[in-house]
Amino acid sequence: MGTPFNKIDEGFSEDTRSQSGSDLITRTESGMVESSESEPGPIPLPSWILNLSEAERSEFTYAILRSLRTSSIAAIVERLNPLLHLDPVNRLPSEIIFAIFSFLPAETLLLTSSMSKAWRLRALDSQLWKQAFHSEGWVADMTQIRAFEASERSRVLELRERRRRVRRADLDGDRPSPKKRVVQESGLFGDGSQDGRNVQNTDGPAESWVEQHGVVEADDSIPVIEDAMQDVDFHDSRLSPEATTTSRDMRGNNIMHPVPIYHYDSTIQSPPISADPILPPVTPTLLQSGSGNEPRVNWQYLYKQKRRLEDNWNSGRYVNFQLPHPNHMEEAHGECVYTIQFSGNYLVSGSRDKTVRIWNLETQRLMVPPLTGHKASVLCLQFDERPEQDIVISGGSDNNVILWQFSTGKLIRTLTNAHTESVLNLRFDDRHLITCSKDKTIKVWNRNAILPTDEAYPKTTTTPGTSFPPYIVNMFHELESQHLHFKPLKEYSLMMTLNGHSAAVNAIQILDGQIVSASGDRTVKVWDVRTGICLKTFVGHIKGIACVQFDGRRIVSGSSDNTVRIFDRVTGAEVACLQGHASLVRTVQARFGDHPGNEDELEAEARAVDQKYFEAMNKGTISTELTREHRRARNAGSKDPKDIFAYGAKLPPGGGGSRWARIVSGSYDETVIIWKKDSKGKWVPQHELKQSDAVRAASGTRGRSPAQGANTQPGNGAPTPMASFQQLAAQAQAQAQHAQALVAQAHALHAQQMQAQLAQLAQNSSQTANAVLLAQMQNQNNQGQPAQNGDAQPTTNPAIVPLVQPQTHHHPPHHHHHHHGLAMAIQQQQQQHRVFKLQFDSRRIICCSQDPTIVGWDFANNDRDIVGASRFFGEST
């Protein structure tokens, strides 16, 4: 009799697995056996039962169960439990498990790894943690990772080749050592019972051979110093207990997972052969083996160290450091440092001492002698250490822009009188160099020779505020006249000048063909780099703007109104105002940690906030009129309808970003503030770092006499200019403080009795203090300060706020005129740590100030694992 399962197309069935009789047999034969291997096999069912339908078999089974005792039914239910609760990890394909686990947060993944060995293998899959790493909004430096993996692969291949060469030489010998042959046959991973370097054998020839030649490189138990990979033992018999699993142990397991490489610990003795290893190990390591036993970076390890680093940021755990190293203070700048930039292991600084210096952050030493070429203070710079670029570009108060070779410090080219006044800031990309100046203009230069047909060539327009040099070709007119013979525009030629600001342009940024400029006229402008057209003007600050950052979605700016503000690039709406500084915000940097492609998500969040605002307004729960106090309070990112100042933006209040978003700002109040979002989404100061505290903590042995370094120019043990300057400054400070104390006493006593003594003391102390001040202020002309216009209207000229009021030679007729120099000395000491420029990455904050030394906060906190992993962390926007 034909069964109901017979069909024309035997390669297709509409029945589910649970309805298949064959599946029942399979589950009976596999699931039951898995539950208890000692139980006898299932009784074969008669064919007439298998031919029954699913419903008929169910009724038949129920009738049989009703005929059994309760104890027998309970035993059957116990045996059926494994079939009712299937383990998806063992049943589903690895691709599906990966897709399911990819939705789990890191904390849940770690809990999942404790379920069983099979679940642990899947939950700790390196690619799964790579996806989790990027889902946090973090960025990895894939160039560094690939280079590191390539170097490790090369080293492993070199070791293998070395073994093969020595093995071939041993096989060609007349009497190969039997003991050595045993060691070779013990396998690539060793037998876990002995160290190849401590072979003890009574065999005379083998023992004499070892004594003569030492360790045999052909042995698989190769010394750790040769076979280790960055604190990870590749194959060694002395492994921690969880590191004894070999590739042979994985045979028969259909779970696709690389065999990890584990951390080597010389203090742990060899484990017993019967030890049950934990795979992967409890403590992840930097490297694990991938396909073909090739070393690969372990993404779970990177995720773990990144989280630990973020915990240090949140908890304020760091160590301070300084440039130069405290033992080599002779390498320091001679005067205050106005600008810095660091990338990877390099930092470049510019100072009022007219020099540019290139530092190694690991050694805290100069890489090349100071770069001299500017005739006045160096106010701005940028560098690119990549071999194909190898360049440093700096601008200064001498109105010049100078190009240097990064690797050697050689002066390449000088753009003389690039502006008519001080060059306050510059930025460049692969095509353009953008400079801005106190002369209120922005200039665009080409970095490479280009033709009018090239994409980077400017497109001339008649837009007001944009001017082009006469040699710039108008392609539209040239095509009409059919004059198509062009000479290339030489590199670093002026392509256009942007006129639109009514005060000094203090800061600029360039990204994706757009220039963002900030000025003392209280505005931020966005320009098209090809046409020079001003695309949008942002207003909101009530005083001049000193710094700006642009990431494509947001504009973050710092101002003399003591605030940091965030603007939506598309609509120009102010989405956050951060208040916490007590003086001008001179420098700011933000990292929002956006998830890739989340523009629609941010806009949807902004629309939801707008909707709540309109609903509250219609209900009358919020006032439509803003009070003066409300306007002054602003909104630091709250989504509460009563705190909303603008609607229709593409960004939600606060600017969006991940939970790791961070803003760092530096001010003339001598503080660096780290801003984080609270539970309500408002930006709040998380940590307030004192520049003066960092200088003291980082100096360490600063009081000792500085040692001469490898890159030091002075010789013969003579005191360096820096040492003399510090000695003179310390003497002036001591005398000024002593004089200040006596002045305070003078106010409590009769002025007539103390007049002569006070005047004499003030005169003596001011002579030393003014000598220091004159050395610092000579030819200063207010350089290094962002041009301000205070509370004046944007159309007025900027009123420059000087660093220290210069001493006049025309004193008013007053008998306390000698106190003027003393007051200047006291003021200088009180304002010694104004922050001029800062930059941070995933690990460090580094900033410069009026102090000649550069200080930093390292949130790796001297943790070796975090320091080692941080080189693989990239920088997100």
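The values are calculated or read from the model by the stated rules, or taken from the named source; none is laboratory data. Note that the structure is predicted; figures quoted are calculated from it, not measured. A quick note on method: Cβ atoms are made from the backbone with ideal geometry, for glycine too, and the neighbour counts reach across all protein chains shown.
Residues in the stretch 35-69 that are surrounded by 11 or more Cβ atoms within 10 Å (Cβ to Cβ) and modelled with pLDDT under 50: Ser35 alone. The set of residues from the stretch 111-138 being within 29 Å of Arg871 (Cα to Cα), exposed (fewer than 15 other Cβ atoms within 10 Å of the Cβ) and among the hydrophobic types (A, V, I, L, M, F, W, C) comprises just one member, Leu111. Residues in the stretch 343-394 that are touching a residue at least 60 places away in the same chain (Cβ under 8 Å), assigned to a strand (DSSP E or B) and more than 15 Å from Gly856 (Cβ to Cβ): Ser351, Leu366, Leu379. Among the residues of the stretch 584-604, the ones that are in contact with a Pro (Cβ under 7 Å, 6 or more places away or on another chain) and surrounded by fewer than 16 Cβ atoms within 10 Å (Cβ to Cβ) come to 0 in all. Quick check, is Lys536 in a strand (DSSP E or B), closer than 24 Å to Ile644 by Cα and not β-branched (Val, Ile, Thr)? So Lys536 passes the test.
Taking the stretch 503-513 as the range and being at pLDDT 95 or above and not hydrophobic (A, V, I, L, M, F, W, C) as the test, the residues that pass are Asn506, Gln509. Among the numbered conditions (1) β-branched (Val, Ile, Thr); (2) in a helix (DSSP H, G or I); (3) modelled with pLDDT under 55, the only one that Thr3 does not meet is (2). The set of residues in the stretch 322-345 being farther than 16 Å from Thr372 by Cα and among the aromatic types (Phe, Trp, Tyr) consists of Phe342 alone. If the condition is being assigned to a strand (DSSP E or B), under 20 Å from Thr671 (Cα atoms) and charged (D, E, K, R), then the stretch 544-594 contributes Arg565, Arg586, Arg591.
Report yes if Ala456 is closer than 23 Å to Arg530 by Cα, in a loop (DSSP other than H, G, I, E, B) and modelled with pLDDT of 95 or more, otherwise no. For Ala456, the condition - closer than 23 Å to Arg530 by Cα, in a loop (DSSP other than H, G, I, E, B) and modelled with pLDDT of 95 or more - is not met. Evaluation of Ser517 against the conditions (1) under 26 Å from Thr435 (Cα atoms); (2) of a type in the set (Ser, Thr, Tyr); (3) at pLDDT below 95; (4) outside any loop (DSSP other than H, G, I, E, B) shows that the sole unmet condition is (3).
Answer yes or no: is there a residue in the stretch 501-512 that is buried (at least 20 other Cβ atoms within 10 Å of the Cβ), without any contact (Cβ under 8 Å) to a residue 60 or more places away in the chain and within 21 Å of Arg834 (Cβ to Cβ). No, every residue in the stretch 501-512 fails to be buried (at least 20 other Cβ atoms within 10 Å of the Cβ), without any contact (Cβ under 8 Å) to a residue 60 or more places away in the chain and within 21 Å of Arg834 (Cβ to Cβ). For His581, indicate whether it is surrounded by 19 or more Cβ atoms within 10 Å (Cβ to Cβ) and not hydrophobic (A, V, I, L, M, F, W, C). Spelling it out, His581 is indeed surrounded by 19 or more Cβ atoms within 10 Å (Cβ to Cβ) and not hydrophobic (A, V, I, L, M, F, W, C).
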